[in-house]
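Here's the structure we're looking at; comments come further down.
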């Protein structure tokens, strides 16, 4: 479903792909496997030049929970339903307490997109698409 871009910047061993949200093109690291979904952007000081965020792709729609444990940069998380329609967002801050706060999705999700806090503005109803797929 997703094909890695050949000369894209790297973020560890995550594949990098192009997506569009509300017509805006983004270059994102993609997490699909359980260990990738768990790791996310932990221990990342900043995104590499040319990478706009991380897309979490779930095998089947489900409620999601995210935490900022060991995550060093504030993030906005954009919640998408199984059709790829954005229905809500949450701003998450790096964890400074124990236990870390948990950020649950307001509903079932098919995808979640994390971007650095305040860098993007998407509207409820914007669609996530993967050009060429």
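The values are calculated or read from the model by the stated rules, or taken from the named source; none is laboratory data. Just so it is clear, the model here is predicted, and its values are computed rather than measured. Every residue, glycine as well, gets a Cβ built from its backbone with ideal geometry; the counts of neighbours run over all protein chains shown.
A few notes on this one:
- Selection count, segment 97-117, where residues are closer than 21 Å to residue 73 by Cβ and surrounded by 10 or more Cβ atoms within 10 Å (Cβ to Cβ): 13
- When 105, 98 are screened for being assigned to a loop (DSSP other than H, G, I, E, B) and over 12 Å from the mean Cα position of the chain (by Cα), only 98 passes.
- Selection of segment 47-83 for residues being part of a loop (DSSP other than H, G, I, E, B), in contact with a strand residue (DSSP E or B) (Cβ under 8 Å, 6 or more places away or on another chain) and surrounded by fewer than 16 Cβ atoms within 10 Å (Cβ to Cβ) yields 48, 50, 74, 82, 83.
- In segment 118-133, residue modelled with the lowest pLDDT [restricted to those that are farther than 28 Å from residue 72 by Cβ and not in a loop (DSSP other than H, G, I, E, B)]: 129
- Residue 38 satisfies every condition listed in (1) surrounded by 14 or more Cβ atoms within 10 Å (Cβ to Cβ); (2) not in a loop (DSSP other than H, G, I, E, B) except (1).
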